[in-house]
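Visitor: The structure is given below, and queries will be raised subsequently.
The values are calculated or read from the model by the stated rules, or taken from the named source; none is laboratory data. Just so it is clear, the model here is predicted, and its values are computed rather than measured. Here the Cβ positions follow ideal geometry from the backbone for every residue, glycine too, while neighbour counts run over all protein chains shown. Only protein heavy atoms, including side chains, enter the accessible area calculation; ligands, DNA and RNA are left aside. Shrake-Rupley method; radii C 1.70, N 1.55, O 1.52, S 1.80 Å.
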Amino acid sequence: MQPHKMYCYTCQTDEKHRPLSSAEKGWLKNRTGVKNVEAFFMCMASGCRNLRTGFNQHPFDPVIRLPLPD
């Protein structure tokens, strides 16, 4: 799936978001306990990495950001 513009809660603007990789999905499952993380996207704006779903701009309080890759 290609990145597409969605509203980012932390950037407060429309930014490109992409689906999570397999490793990122595993990290999110371990971090949150959410079993199905297929609907999550990551903001691609520089330094952001905020997570959202296709329908929910702010699914976590406080905000969860993906860590930088190793």
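Visitor: Test of understanding: among Arg52, Arg31, which residue is at pLDDT 95 or above, in contact with a strand residue (DSSP E or B) (Cβ under 9 Å, 6 or more places away or on another chain) and surrounded by 13 or more Cβ atoms within 10 Å (Cβ to Cβ)?
Guide: It is Arg52.
Visitor: State the number of residues belonging to the range 1-26 that are hydrophobic (A, V, I, L, M, F, W, C) and open to solvent by less than 60 Å² (accessible area, probe 1.4 Å). It would help to see each step written out before you state the result.
Guide: From the range 1-26, those hydrophobic (A, V, I, L, M, F, W, C) are 1, 6, 8, 11, 20, 23; that's our starting set.
Now narrow it down to the ones that are open to solvent by less than 60 Å² (accessible area, probe 1.4 Å): 6, 8, 11, 20.
Residues in the range 1-26 being hydrophobic (A, V, I, L, M, F, W, C) and open to solvent by less than 60 Å² (accessible area, probe 1.4 Å): 4 in total.
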